[in-house]
Protein chains: 2
Amino acid sequence: MESNRRNILRGMAGAALAAPALAQQALAQASGTNNGAAPTAPVNPNGANPSAAEQKVMADQHMQTMQRVLGPGLWGQEQIAMLVYPKFTALDLVGPHYFLACLFGAKVHLVTTEKDLAPVASDLGLAIQPTVMMADAPKDLDVLFVPGGTEGTLSVMARVDTMAWIKDRASRARYVTSVCTGSMVLAKAGLLKGKRATSHWAAREALKDFGAIPVDGRVVSDGNVLTGAGVTAGMDFAIALAEKLRGRAYAEALLLQGEYAPEPPIRGGTLATTPPPVRDMMAAMFAPIEEQFRAMAPG
Amino acid sequence: MESNRRNILRGMAGAALAAPALAQQALAQASGTNNGAAPTAPVNPNGANPSAAEQKVMADQHMQTMQRVLGPGLWGQEQIAMLVYPKFTALDLVGPHYFLACLFGAKVHLVTTEKDLAPVASDLGLAIQPTVMMADAPKDLDVLFVPGGTEGTLSVMARVDTMAWIKDRASRARYVTSVCTGSMVLAKAGLLKGKRATSHWAAREALKDFGAIPVDGRVVSDGNVLTGAGVTAGMDFAIALAEKLRGRAYAEALLLQGEYAPEPPIRGGTLATTPPPVRDMMAAMFAPIEEQFRAMAPG
């Protein structure tokens, strides 16, 4: 039994792990550049080390299933830029990143506002390594994404270079998006004028000062602008965006892969559902945040 | 109006931003080492730049409210170690990190399995900078946390140094915890024998092979072991852990701060709720994963 197990382990990398390779092959076929290379190490369900011919058969089977179930959504070539700036809220970005980076063929860029590719510390200290600087990021984006924060977000809104980059990329982007107070950055760039949008509850009403229409929604869509509410809304946002990019079946597959069937162990998460003592304490504590964002609006 | 706004902005860092300083002061008072320093820049709700005396009054008011609402849960000195290893799933860790790093006074360590503090690439490429190496991490932990993954997790389970470190820290930890297939790492270390635990749905049943009792639950608690299901279950897990560490009111505050009131835009996230074509495709794709984890069990 044990040696059989070891054989299984040695003989495969797992269909799930091979999936990106399969998708790449599919993409190559679709674009007419298939070089005929077999995908890496698909699995033989019987456990023995599969031969090259067996591998080819299994790869073809997986491919056919994926093509049948996911349709044209199986492959894509989206260019996705996620902005990383000092003291951003890491979860605002990493939630959506998980789902978007699982889109076969899509390319996700972590674009730093800083002068080199050194890791950028988030508001809670956790530092993430960017992949590209603003100047080197793709000019034409399918998705421009901005995460939120408090102090760091206010700083970015005051930076001429970053705001110019956002305006430029947004002018050609297929989707202009944010989670949490990232929408304040979009608003400051003049991208939300007359648009329905959301933000973290503590800042949302400040959107008005920038000419936007604040909406108390978890994910708000208006034209090519898609905004998510505070922090954990990034998950809901990402599923909604994935569905726009790749269709319902792909979004369902992502939901299952990320086991996104949330069950908060206690009630709350909104002002309306939080017990009054905690709600009042938090509302008082966060009240200055809205004022701070308001102060960034055009006079 | 505009100049008033600018004054507000200049005059304050915001109560929310000052909260850590307030908590630190509370902690100092509690431990009898208060040096009497005023917290940094609390807010004056009337918008003028507050004097030092006004700052002191406001800080005291905030402190009193927090102490009244949060009780002894307001402060703590937990040592929390989150393991970071090549090809871990970033969201498994960053979800819980958001909530745990918001516990005033707690210290969160990102412990790398590697030989230096270089950023560690996750399975989807996003790299996170660790803060400490295994040898230098605190010996006595309140929380030991292990995130999941596939290929990377299997590799860690085969590493003698990492498994020895986990066994050692777990032997004294107040809570031994995981999200997703991180529970496989705990299982491999012999920490789940006879314990009820969960994991990502694709791997969960493999827990049996390590002597654990697989439970189809979002968050599963058994003694000092707390495990979360796949990826996004890290949010539910973290709220449950925060409540254990700091009580209900603190957990409610975290829920509201992270706006954790999830609304997945489409139905799914479990095998039972995913439409059959997508469910069957994913189940087939992930089937080898369970076998791979099984192959790591003692013979």
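The values are calculated or read from the model by the stated rules, or taken from the named source; none is laboratory data. What you see is a predicted model; the values in this text were computed from it and never measured. Cβ sites come from the backbone with ideal geometry, for glycine too, and all protein chains shown count toward neighbours.
A few points about this structure:
- B:Y85 falls short on exactly one of the conditions (1) in contact with a Ser or Thr (Cβ under 7 Å, 6 or more places away or on another chain); (2) aromatic (F, W, Y); (3) under 13 Å from B:A238 (Cα atoms), and that condition is (3).
- Check on B:D216, surrounded by fewer than 24 Cβ atoms within 10 Å (Cβ to Cβ), modelled with pLDDT of 95 or more and in the same structural domain as B:L93 (by TED's automatic domain parsing): yes
- Scope segment B:270-282; condition assigned to a helix (DSSP H, G or I) and more than 28 Å from the chain's Cα centre (by Cα); matching residues: B:P276, B:P277, B:V278, B:R279, B:D280, B:M281
Conditions tested, residue by residue: (1) assigned to a helix (DSSP H, G or I); (2) touching a Gly at 6+ places or on another chain (Cβ under 8 Å); (3) at the interface with another protein chain (Cβ under 9 Å from one of its Cβ atoms).
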position	(1), (2), (3)
B:L207	yes, no, no
B:L245	yes, yes, no
B:G268	no, no, yes
B:P288	yes, yes, yes
B:F293	yes, no, no
B:M296	no, no, yes
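- Segment A:72-116, residues that are within 15 Å of B:L124 (Cβ to Cβ) and over 13 Å from the mean Cα position of the chain (by Cα): A:F104, A:G105
- Residue ID - farthest from B:L271 (Cα to Cα), chosen from residues in segment B:168-189 that are in a loop (DSSP other than H, G, I, E, B) and touching a helix residue (DSSP H, G or I) at 6+ places or on another chain (Cβ under 9 Å): B:R174
- Restricting attention to segment A:139-154 and to residues that are in a strand (DSSP E or B) and among the β-branched types (V, I, T), the residue that is nearest to B:A118 (Cα to Cα) turns out to be A:V146.
- For B:V278, the conditions (1) at the interface with chain A (Cβ under 7 Å from one of its Cβ atoms); (2) among the hydrophobic types (A, V, I, L, M, F, W, C); (3) under 17 Å from A:T270 (Cβ atoms) all hold with the exception of (3).
- Hits in segment A:116-125 (condition: within 10 Å of chain B (Cβ to nearest Cβ) and of a type outside the set (A, V, I, L, M, F, W, C)): A:P119, A:S122, A:D123, A:G125
- Some residue of segment A:230-238 being among the acidic types (D, E), closer than 22 Å to B:V179 by Cβ and either in a helix (DSSP H, G or I) or more than 8 Å from every other protein chain (Cβ to nearest Cβ) (or both): yes
- B:L255 being more than 8 Å from chain A (Cβ to nearest Cβ), under 24 Å from the mean Cα position of the chain (by Cα) and of a type outside the set (G, A, S): no
- Cβ separations smaller than 6 Å between residues 6+ apart or across chains give the following pairs from segment B:121-148 residues that are among the hydroxyl-bearing types (S, T, Y) to residues that are at pLDDT 95 or above: B:S122/B:F88; B:S122/B:A90; B:T131/B:H109; B:T131/B:L110.
- Among the residues of segment A:73-89, those identified as farther than 23 Å from A:R172 by Cβ and either more than 14 Å from chain B (Cβ to nearest Cβ) or surrounded by 22 or more Cβ atoms within 10 Å (Cβ to Cβ) (or both) are A:L74, A:F88, A:T89.
- The single condition among (1) basic (K, R); (2) more than 18 Å from the chain's Cα centre (by Cα); (3) farther than 24 Å from B:D123 by Cβ that B:R174 does not meet is (2).
- Out of A:G194, A:G211, A:G148, sole residue that is over 15 Å from A:E291 (Cα atoms) and within 14 Å of another protein chain (Cβ to nearest Cβ): A:G148
Okay, residues lined up against (1) in a loop (DSSP other than H, G, I, E, B); (2) in contact (Cβ under 8 Å) with a residue 60 or more places away in the chain:
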site: B:V156; (1), (2): no, yes
site: B:D161; (1), (2): no, no
site: B:I166; (1), (2): no, yes
site: B:L191; (1), (2): yes, no
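- So B:E263, is it part of a loop (DSSP other than H, G, I, E, B) and facing chain A (nearest Cβ under 8 Å): yes
- Residues of segment B:174-196 that are touching an Asp or Glu at 6+ places or on another chain (Cβ under 7 Å) and either of a type in the set (V, I, T) or over 14 Å from B:Y85 (Cβ atoms) (or both): B:R174, B:Y175, B:V179, B:K195, B:R196.
- All positions within segment B:98-115 that are facing chain A (nearest Cβ under 10 Å) and either in contact (Cβ under 8 Å) with a residue 40 or more places away in the chain or in contact with a helix residue (DSSP H, G or I) (Cβ under 7 Å, 6 or more places away or on another chain) (or both): B:Y98, B:F99, B:L100, B:C102, B:V108
Residues are listed down the side, and each one gets a yes or a no for (1) modelled with pLDDT of 95 or more; (2) surrounded by fewer than 24 Cβ atoms within 10 Å (Cβ to Cβ); (3) in contact with a Ser or Thr (Cβ under 9 Å, 6 or more places away or on another chain):
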{"site": "B:L91", "(1), (2), (3)": "yes, no, yes"}
{"site": "B:F104", "(1), (2), (3)": "no, yes, no"}
{"site": "B:L124", "(1), (2), (3)": "yes, yes, yes"}
{"site": "B:V132", "(1), (2), (3)": "yes, yes, yes"}
{"site": "B:D136", "(1), (2), (3)": "yes, yes, no"}
{"site": "B:T162", "(1), (2), (3)": "yes, yes, yes"}
{"site": "B:S183", "(1), (2), (3)": "yes, no, yes"}
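- Which numbered condition A:Y260 misses (of (1) surrounded by fewer than 19 Cβ atoms within 10 Å (Cβ to Cβ); (2) free of Cβ contacts under 8 Å to residues at least 40 places away in the same chain; (3) within 15 Å of the chain's Cα centre (by Cα)): (1)
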